[in-house]
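The structure appears right after this line, and notes come after that.
The values are calculated or read from the model by the stated rules, or taken from the named source; none is laboratory data. None of these values were measured; they are calculated from a predicted model. Reconstructed Cβ throughout: ideal geometry from the backbone, glycine too, with neighbour counts over all protein chains shown. Quick note on the areas: whole protein, heavy atoms, side chains included, nothing else; ligands and nucleic acids left out. Shrake-Rupley method; radii C 1.70, N 1.55, O 1.52, S 1.80 Å.
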Amino acid sequence: MKQIALIHVGKAYDGKYVLKDFSASFEKGGVYAVMGPSGAGKTTLLRLLAGLEKPDEGEITGLSSEKIAFVFQEDRLLEYLDAVQNVRFACPGCSRKDVEEALLHIGIPQEDAVRPVREYSGGMKRRTAFLRALMFPSDVLFLDEPFKGLDDQMVSRAAAFLLENRKDRTVFLTTHSRKEAELCGAEILYLPEISPDGI
Amino acid sequence: MKGKGQGGARRLVLQFAAAVFWIGLWQVVSMRGTLGIFIASPWQTVQRFFELCLTLPFWKALLYTTGRILTGFFLAVTAGTVLSALTAGFYWLDIFLMPVMRLIRTVPVVSFVILALIMVSSRYLTQLISFLMALPVVYMNVKNGISQMDPGLKEMAGVFRVTLWRKIWFMYVPQVMSAFETGTALALGFAWKSGLAAEVIGIPSGSVGERLQQAKVYLNTPDLFAWTLAVVFVSVLLEKGWRWLLHCFGNPAPVRNRQKGEKKR
């Protein structure tokens with residue numbers, strides 16, 4: 001199995017380390033949940049893996065040629081477009097029918113799917129952003145708190161949908177909930193908080 | 001709701017009363033001895049306006065001036081939009097262009113008119129001056145609209161490898177549209193006023209500016225006022241027409257006005 005590796009990776013903002021001398025390796029095709037207290041560097045780790053930021057120290061291997069999809073902590077939707085159009089904005093190859101069916105699976109009925117997302121609740125926006133990433137043809141899925149704002153029932157539905165549709169893609173997700181990680185069948189990576197002196 | 005409706009009606013009555021007051025004052029002033037020679041009455045103005053409307057040279061002059069001002073305006077809209085879009089990719093271009101844009105905005109229009117008259121034929125004066133006055137307004141407004149684009153959305157589009165055209169159409173155009181509408185409506189007003197001022201100074205043959213100048217030379221104030229009225233009408237019509245065009249064709253948001261149950265795209 002090919003591997004993704006972080007080798008002595010360090011990342012600091014304004015001189016303050018968020019990740020320091022961090023090493024880990026992941027098998028491609030696996031599901032990994034990054035957990036840890038707020039400020040432990042979960043989002044930073046995802047962004048480094050996704051190549052959205054460069055490490056200050058160390059290196060990351062195994063991901064340079066991969067096509068990625070990302071659920072950002074903020075939904076980052078085009079507010080005046082509807083859910084179908086938002087998904088198809090990222091994935092023009094997806095048919096309208098397929099997107100509508102997928103939206104239905106995650107609890108967005110057709111009559112809501114044609115409304116501008118600015119009229120959506122937080123949970124509906126989150127599910128749209130989640131589906132956009134899932135339907136985008138990628139090799140690696142990065143999900144930064146993908147179930148934020150969803151109730152337990154919806155989390156179960158979304159997690160099941162993820163497992164059904166991830167195919168053999170590698171998945172990295174961040175969460176504060178062990179239950180969410182378990183629902184996704186993820187291997188948990190726990191990030192400890194770095195002390196102010198960087199240890 | 002009742003209160004709001006009453007407030008609207010009251011406002012309308014007050015606006016009407018204000019208009020009657022000012023037109024009345026204009027009528028009174030026009031009837032006063034010496035001043036009356038220089039100021040045509042509202043009735044004379046309207047009468048002369050309708051007389052002019054029945055003549056071909058009136059429409060020819062209006063068409064001549066409007067066509068030239070609009071040429072300058074559209075050139076400015078194209079150049080201003082393209083240049084401001086380019087600054088999104090090449091930040092140095094903004095630094096390079098900014099002194100020129102500021103200069104155009106600060107230098108009085110009359111200086112440009114005189115300079116233009118020395119350098120180009122008065123036939124092209126209207127287009128050139130309208131272009132120059134509208135360009136910085138469009139450029140700065142569109143540039144500001146582009147610079148306010150959410151960096152998170154830009155990153156999202158990069159992650160999902162969205163093509164440039166889709167980014168422009170679905171992200172930038174809706175984001176910039178409001179700034180574009182404000183900027184171009186303002187620029188149209190500038191282009192119109194400066195274009196006319198240029199015509200009055202340069203007196204291109206067959207233009208509205210020439211008619212205004214003639215009215216001034218012959219102290220023909222009914223003509224002056226009637227032409228001014230025509231110019232105001234055209235200016236308002238152009239601005240309304242431009243905003244209407246932008247509302248009809250300018251916003252790619254396909255769900256903006258779609259109601260539930262309406263046919264999908």
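Close contacts from the stretch B:162-176, counting a first residue that is facing chain A (nearest Cβ under 8 Å) and a second that is polar (S, T, N, Q), with Cβ to Cβ under 9 Å and a gap of 6+ residues or different chains, come to B:F170/A:Q85; B:P174/B:N251.
Return a yes/no flag: does the stretch B:29-43 have any residue that is touching a Lys or Arg at 6+ places or on another chain (Cβ under 8 Å) and touching a residue at least 60 places away in the same chain (Cβ under 8 Å). Yes, some residue in the stretch B:29-43 is touching a Lys or Arg at 6+ places or on another chain (Cβ under 8 Å) and touching a residue at least 60 places away in the same chain (Cβ under 8 Å).
Being β-branched (V, I, T) and either within 22 Å of the chain's Cα centre (by Cα) or more than 14 Å from chain A (Cβ to nearest Cβ) (or both), is that true of even one residue in the stretch B:121-133? Lay out the reasoning, then the answer.
So in the stretch B:121-133, the residues β-branched (V, I, T) come out as B:126, B:129.
Of the ones still in play, those that are also either within 22 Å of the chain's Cα centre (by Cα) or more than 14 Å from chain A (Cβ to nearest Cβ) (or both) are B:126, B:129.
Within the stretch B:121-133 (the criterion being β-branched (V, I, T) and either within 22 Å of the chain's Cα centre (by Cα) or more than 14 Å from chain A (Cβ to nearest Cβ) (or both)), the answer is yes, since at least one residue qualifies.
Residue check: A:T170 meets all listed conditions (1) under 14 Å from the mean Cα position of the chain (by Cα); (2) open to solvent by 30 Å² or more (accessible area, probe 1.4 Å) but one, namely (2). Could you tell me which numbered condition B:W227 fails, if it satisfies all but one of (1) within 12 Å of chain A (Cβ to nearest Cβ); (2) in contact with a Leu (Cβ under 6 Å, 6 or more places away or on another chain); (3) of a type in the set (F, W, Y)? That leaves (1) as the condition not met.
Just one of the listed residues (B:K216, B:K240) is assigned to a helix (DSSP H, G or I), among the basic types (K, R), modelled with pLDDT of 90 or more and on the phi < 0 side of the Ramachandran plot, namely B:K240.
Annotation: of all residues in the stretch B:161-208 being open to solvent by 30 Å² or more (accessible area, probe 1.4 Å) and of a type in the set (V, I, T), the one that is farthest from B:Y64 (Cα to Cα) is B:T163.
This table checks each residue for (1) in contact with a Lys or Arg (Cβ under 8 Å, 6 or more places away or on another chain); (2) within 16 Å of A:L189 (Cα to Cα); (3) of a type outside the set (A, V, I, L, M, F, W, C).
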| position | (1), (2), (3) |
| --- | --- |
| A:A5 | no, yes, no |
| A:S23 | no, yes, yes |
| A:R47 | no, yes, yes |
| A:G58 | no, no, yes |
| A:L63 | no, no, no |
| A:K67 | yes, no, yes |
| A:N86 | yes, no, yes |
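Does B:G206 meet the test of being assigned to a helix (DSSP H, G or I) and of a type in the set (G, A, S)? Judged against the criteria, B:G206 is not a match. Taking the stretch A:39-128 and the helices (runs of 4 or more DSSP H) fully enclosed by it, the elements with 2 or more residues that are free of Cβ contacts under 8 Å to residues at least 40 places away in the same chain, at the interface with chain B (Cβ under 10 Å from one of its Cβ atoms) and open to solvent by 40 Å² or more (accessible area, probe 1.4 Å) are at A:110-113.
A:A181 fulfils the conditions (1) more than 14 Å from chain B (Cβ to nearest Cβ); (2) open to solvent by 10 Å² or more (accessible area, probe 1.4 Å) except for a single criterion, (2).
Here A:D139 fulfils each of the conditions (1) open to solvent by 50 Å² or more (accessible area, probe 1.4 Å); (2) away from chain B (no Cβ under 13 Å) apart from (2).
Scanning the stretch B:11-45 for residues that are under 18 Å from B:K216 (Cα atoms), among the aliphatic types (A, V, I, L, M) and open to solvent by less than 60 Å² (accessible area, probe 1.4 Å) yields B:I39, B:A40. Going through (1) of a type in the set (F, W, Y); (2) farther than 20 Å from B:F112 by Cβ; (3) modelled with pLDDT of 90 or more one by one, B:W192 falls short only on (2).
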